[in-house]
Every structure is written in C-alpha cells, then in structure tokens.
Amino acid sequence: MAVATAAIGGLVIAGASAGMSFSQASKQRKLQAQAEQDAAAAMQEARKKLDVNFAENMSIKKEAYDLEREALLSAGAQATNAGMESERGSAATAGRIYAAQQQGQAGVRGAMADEMTNIENAIIEEDGRLRDLDVALDLEEVAGNQQKAADAQARAEAAKQQGIQSTVAAAQAGMQLVPLYSQNMSAQKAAVGGMSLDSQEFQDFGNVMGKNGGVSKSMGAAGSDGFTNLDLGAVGNMSNKQFRQFKRELSPEQQRMLFQNSQYINAYNNPFKI
C-alpha cells in the first residue's frame, strides 16, 4: 500500500507541477503582451510629439518695423516742410531727406531679413534635433524589442524545460502504477500465486464472496471462523476468465491488500525472480 500511495502521490505532485509551469508560462506571455502593447502606445504618443516643430510658430514682429517706417516718414515730412518754409535749399533738403528715408527703409528691410533668417535657422535646427530624437527612439525601440525577445525566449525555454521535467516525472510516477492496472493476466496471476501471507493477514483478508454475499465462483464456499477461502496457489493456476471472475468478487479492501502489496508489485516487475 505504501508503494502505491507513494506512486500516486508522486504522480499527482508531478502532474500539478507540470500544470503550474505551463500556467505560469501562459501568464507570463499575457503580461508580456500587455507590456508590449503599453510600450507601443507610449512610443506612438512620443512620436506624435516629435512631429510638432514649435519653432515654426515663430514670426516677425511686424508692428515694430511698421512703427519705425511711420517714424521715418513722419520725420521726413517734417523736415521737408521745414525746408520749404525757409525758401532756401528746399530742393537740396528734399534730396537729403529722401536719401535718409531710403537708407532708413533699407535698414528696416535688413533687420526684417535678419530676423527671418534667424527664424528659419531655428526651424532647421529644431528639425535636426527632432530627427535625432526620432532616431534615438528607433534605436531604443529596436534594442528594447531585442531584449524583450531574448527575455521571452529565455522564459519560454525555462518553462518548456520545467514542463518537460514535470511531465517526465509524471510519466515515471505513472509507470509505478502500471502493475496495479495492467491487463497482463499471466504476470498478475503469477504474482498473486507467488505471494505469502501470514495467518493474521489471511484473517484480515477474510473470505472471497460471490454476488450478494453468496458462494464465490472462484474460491468456493467461505471458510469457517478464523479461516479464509483464499487460495493463492489456486489463483496462479486459474484461466484468464477465472482470474477476471476472481478479481470481480474481491472487495475494494481485498483488492488493495493483494494488488498494492509490495510482494505483488515486486513479483510483477520482476517475473523471472518468482
């Protein structure tokens, strides 16, 4: 009984271990898939932000230049009026005022051009910075995917190995139970026929009874008080049909006492030593 109990216990433990390994592997795959989904969403959001070049929103402050132009025109008009009122040198004065206005307008245009150039340079510089960040994200994503793939492979391999080991353990535990359920009639009959029970074991075994407590078709009439009709030697010489009848007439406890007995298991596994 102890051998059978140990075998059953080993089979249950090994099977449970294999199931837990595969369950854990499945859980890890789901967690990995969720992490990859979250990472992809975060990466997409980051890339959207890189699509915006805020330097493109920069513009020339035209109000200041317009005010400067108006100031030049106003000063020129005042100077022209003053020259005309003096009646002397009005032509020369007008020429000088025009030249000064042209020079002032040129300065305004130059300042606007410089500011426009600075804005364009800022846009180009920002484009370059965003491009570098985008490339960095690409490299980080590639590296992250490679690491995740390596980690996933390692976890899968570990789970696979653990599952295989647990399955092998379950198979080995199951093999120990083969003598209990095997249909090799000859080996079973020989193993039972070679067993030796003491008087107390025979008394504990009791009588083999037929259907509804009637006479046993395999062992015959019940023994008197303190005795049993079990004949181990007769079992070894039974036909397969008689042996099947014998097993059907055994109670669950009697089956346990015979087929989970260490003598039976050892004899069944080593038939040539009987």
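The values are calculated or read from the model by the stated rules, or taken from the named source; none is laboratory data. All values derive from a computational prediction rather than experimental measurement. Methodologically, a virtual Cβ is constructed for each residue, glycine included, from the backbone with ideal geometry; neighbour enumeration extends over all protein chains shown.
Among the residues making up segment 193-225, a single one is among the charged types (D, E, K, R), at pLDDT 90 or above and farther than 18 Å from SER251 by Cα: ASP198. In the set (1) of a type in the set (Ser, Thr, Tyr); (2) modelled with pLDDT of 75 or more; (3) surrounded by 13 or more Cβ atoms within 10 Å (Cβ to Cβ), THR167 fails one condition alone, (2). The number of residues in segment 107-121 being hydrophobic (A, V, I, L, M, F, W, C) and exposed (fewer than 13 other Cβ atoms within 10 Å of the Cβ) comes to 1.
For segment 206-253, the candidate set comprises residues that are part of a loop (DSSP other than H, G, I, E, B) and among the polar types (S, T, N, Q); within that set, the residue that is farthest from the chain's Cα centre (by Cα) is SER224. Being part of a helix (DSSP H, G or I), assigned by TED's automatic domain parsing to the domain that holds LYS148 and either modelled with pLDDT under 70 or in contact with a Leu (Cβ under 8 Å, 6 or more places away or on another chain) (or both) is a description that applies to GLN101.
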